[in-house]
Amino acid sequence: MPFALITGASGGIGLCLAEELAKKNFDLLIVARSEGKLKDIANNFSEKYKIKVFYLSIDLSLTNSPQEVFNWATSQSREITILINNAGYGIWGGVENTPLADLQNMMQLNMTSLVSLCQVFIPELKKQSKSYILNVASTASYQAVPYLTTYAATKSFVVLFSRGLSWELKDTSISVTCLSPGATSTGFVDRAGMDSSLKEKAEKLSMTPKAVAKIGIDAMFEGKAEVITGFVNWLSAKLTNFLPKSLIERIALSLYKK
């Protein structure tokens, strides 16, 4: 069976994306920073779904990591048919008051590493009769979000990059999909450093990672260029095309002001 490679696979949406593919009998290559979690997942999935699962513990925010992932993934003549770029995180706070190194690390992971992984894997994916790239963005990509300013900008980049790449690869065997989840019950809020009041607001509208992952995998295999999870999230994103930007941004400010 061909392999699917998933980054950010140690928990949340990434873990559920990996499990959706395991259910479909894909062998897996899972990548994240936490070696202990990856090992447990590999043991669990290989036993439960009777598939091959290999893991690599690596920090994808480091410049050379995408090439290291490619070298590892394609070793032993493994055939890669799916690349899922899920690794990423957000930082809550004003640009002025956030250490520049932290912003740069987030931008490196959310944008540069994602582009690098797509770039190095495209020749490999072209070898397959049918292959897929799934890039994970966010509904935050459809408007400016004060105090999540840089994060939202990185995810907007992911949407535009993915759509452009899908046209570049239109006449090849590779289909490119961008998945934009809204609030999801993952560790995002804690990693971003949001306070408890924001966490409570997010949980009221949250989807489960399993639901998001199923929507994403289904859309990928259907060849959709872009999918927003959940009707409320879809409607909110579409309204940004009709309402004044200043109004949308003022609402975001009221929600996320630190």
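Got a sec? Which of V145, V176, V115 is closer than 17 Å to V227 by Cβ and out of contact with any Asp or Glu (no Cβ under 7 Å at 6 or more places or on another chain)?
Selected residue: V176, the only one of V145, V176, V115 that is closer than 17 Å to V227 by Cβ and out of contact with any Asp or Glu (no Cβ under 7 Å at 6 or more places or on another chain).
For the stretch 1-82, which strands (runs of 3 or more DSSP E) that fit wholly inside it have 1 or more residues that are of a type in the set (V, I, T) and farther than 18 Å from A213 by Cα?
53-57
When the residues of the stretch 149-180 are filtered to those that are of a type in the set (A, V, I, L, M) and open to solvent by 30 Å² or more (accessible area, probe 1.4 Å), which remaining residue is nearest to M207 (Cα to Cα)?
Checked the stretch 149-180; the qualifying residue nearest to M207 (Cα to Cα) is A153.
Residue by residue through the stretch 127-148, note down the ones that are under 17 Å from T177 (Cβ atoms), in contact (Cβ under 8 Å) with a residue 40 or more places away in the chain and either surrounded by 23 or more Cβ atoms within 10 Å (Cβ to Cβ) or in contact with a helix residue (DSSP H, G or I) (Cβ under 9 Å, 6 or more places away or on another chain) (or both).
Passing the criteria: S131, Y132, I133, L134, N135, V136, A137, S138, T139, Y142.
Find the residue count for the stretch 204-258, including only residues that are open to solvent by less than 80 Å² (accessible area, probe 1.4 Å), at pLDDT 90 or above and either within 25 Å of G164 (Cα to Cα) or of a type in the set (A, V, I, L, M) (or both).
Residues meeting the conditions: 16.
Using beta carbons and a limit of 6 Å, which pairs, at least six apart or on different chains, have the first residue in the stretch 16-32 and modelled with pLDDT of 95 or more and the second one assigned to a strand (DSSP E or B) and open to solvent by 10 Å² or more (accessible area, probe 1.4 Å)?
Short answer, once both residue conditions are applied: D27/F3; L28/V53; L29/F3; L29/F54; I30/Y55; V31/L56.
Somewhere in the stretch 101-110, is a residue among the small types (G, A, S) and surrounded by fewer than 17 Cβ atoms within 10 Å (Cβ to Cβ)?
Taking every residue of the stretch 101-110 in turn, at least one turns out to be among the small types (G, A, S) and surrounded by fewer than 17 Cβ atoms within 10 Å (Cβ to Cβ).
Applying the selection to the stretch 40-51, what residues are free of Cβ contacts under 8 Å to residues at least 40 places away in the same chain and surrounded by 14 or more Cβ atoms within 10 Å (Cβ to Cβ)?
Within the stretch 40-51, I41, A42, F45, S46, Y49 qualify.
The values are calculated or read from the model by the stated rules, or taken from the named source; none is laboratory data. This is a predicted model, so every value here is computed, not measured. Neighbour counts are summed over all protein chains in view; Cβ atoms, including those assigned to glycine, are modelled from backbone coordinates with ideal geometry. In case anyone asks, the SASA skips ligands and DNA or RNA and just uses the protein heavy atoms, side chains included. Shrake-Rupley method; radii C 1.70, N 1.55, O 1.52, S 1.80 Å.
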